[in-house]
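For reference, the structure is listed below as structure tokens.
Nothing in this text is a laboratory measurement; each read-out follows from the coordinates by a stated rule. Computed from a predicted model, the values in this text were never measured in an experiment. All Cβ positions, glycine included, derive from the backbone under ideal geometry; neighbour counts span all protein chains shown.
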């Protein structure tokens, strides 16, 4: 071949290689840490980011997936060392602590307006974007885990119980559970209610709505002392634990965790459970893919709000937020990516992947999601959402609550001591004393 004809081609290839080398040298690289929330988190994040990266060819995003069990220690280590990622996912209860360590970049009002400000998001989770005593915003809500009551319509019908009446208040709920307990479905007795005991990491989450609906809280109004042993909290926890003490919750369920209770609901063990949107994901997923779509429980699923206490019917909102670390060397690009992930379309897409609710109200009520009747019913039941106060010492405080409330469930199960309101009160007093030690050291 004529070498004179090859020369222009060689020059063209050399120029292309030079351009690619220049582009690579000028590409921005971002690191993001997220939790393992979906069944294939790494692949799902790749799909979620694909449209954004297609519009930003000079950007590279490295995704690290953390397990919830070890994430806290890794994130706090990164906060202390300043050697963390550019962006990271934080549980809604974690923002107060990590921002107090000076590890998060505050978001300006202009940035907040870019995504829609507080009014765009569920109020309960917007309150977790900053510490309760610091107005600076350090995160944007990404997804929500809220709770409702799931029940078996067929069981209620056989027992002659109207669900609307049953979930009206605490009194009607107890009476309904007494009527339903022991109903025989397909030759098998079904327990009225299922909830986990001391082996569930959600233990505080399980109790919080009942405490709030009795007019209580986990803290005093100034957030300086524990209120777990207040008369209102005692009333709520005594009511809650009475279902197990009276045999309306099987003693075996007190050894289980939330996931096992949910599986028991689909296996026909319980007529009622309280859970999050992950239950709906199971209902919409066939058994061949790990779901419960074909079960009798899925075909007879009903959804209700928490039965109202003296102070109404509130539910727990939790979930995750996204933040930029102060140590990031690429804050402008990090913000652009954060704004994309917290956008309406992205939150809808991630909701379909994860089964969690979008944190944006306009995304959560999108027609593509609301087309599922169960989902639409769920959204209608969580209008009164609430979250814990965002404090810096939540992590050690929650550990105290988990340990001591777990010990309390040994009393409920009859493993340690005799169950009584007095025994519950003593357990809550011990819990409050230890919690106050944590709060005193933080104040």
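Couple of notes before you dig in:
- The range 210-360: C-alpha gyration tensor shape, a/c 1.5 cut-off, then a/b vs b/c: oblate
- The spacing between the range 160-189 and the range 81-154, judged by their C-alpha centroids, is 38 Å.
- Diffusion coefficient of the chain by Stokes-Einstein, Kirkwood radius over Cα pairs, 25 °C, 0.890 mPa s: 104 µm²/s.
- Principal-axis tilt of helix 41-55 within the chain, Cα atoms, nearest 10 degrees: 40
- Among 357, 53, 30, sorting on how many other beta-carbon atoms sit within 10 Å of each Cβ, with the fewest leading, yields 53, 30, 357.
- Computed from label points 7 Å out along Cα-Cβ, the spacing between residue 47 and residue 383 is 3.4 nm.
- Ordered by the number of other Cβ atoms lying within 10 Å of each residue's own Cβ, fewest first, 65, 184, 148 fall into the sequence 184, 65, 148.
- Relative to the longest principal axis of the Cα atoms of the chain, the long axis of helix 421-442 makes an angle of roughly 30 degrees.
- Across the range 55-142, the volume of the C-alpha convex hull divided among the residues equals 127 Å³ per residue.
- The chain: most fluctuating residue of 276, 96, 417 per GNM, C-alpha cutoff 10 Å: 417
- Global geometry of the range 252-313, whether rounded, prolate or oblate, following the gyration tensor of its Cα atoms and the 1.5 cut on a/c: prolate
- Residues 164, 425, sorted so that the one with the fewest Cβ neighbours within 10 Å comes first: 164, 425
- Distance from the alpha carbon centroid of the range 330-392 to that of the range 218-243 works out to 30 angstrom.
- Computed [θ] at 222 nm, deg cm²/dmol, the chain (DSSP H ≥ 4; -39,500 (n - 2.57); rounded to nearest 500): -14500 deg cm²/dmol
- Beta bridges assigned by DSSP with both partners in the chain are antiparallel in approximately 65 percent of cases.
- Taking N as its residue count, the alpha carbon Rg of the range 97-185 over 2.2 N^0.38 Å: 1.80
- Packing-based order for 76-85, 166-175, using average beta carbon neighbours within 10 Å, highest first: 166-175, 76-85
- Rounded, prolate or oblate (a/c below 1.5 giving rounded, otherwise prolate when a/b exceeds b/c) for the range 283-349 by Cα gyration tensor: oblate
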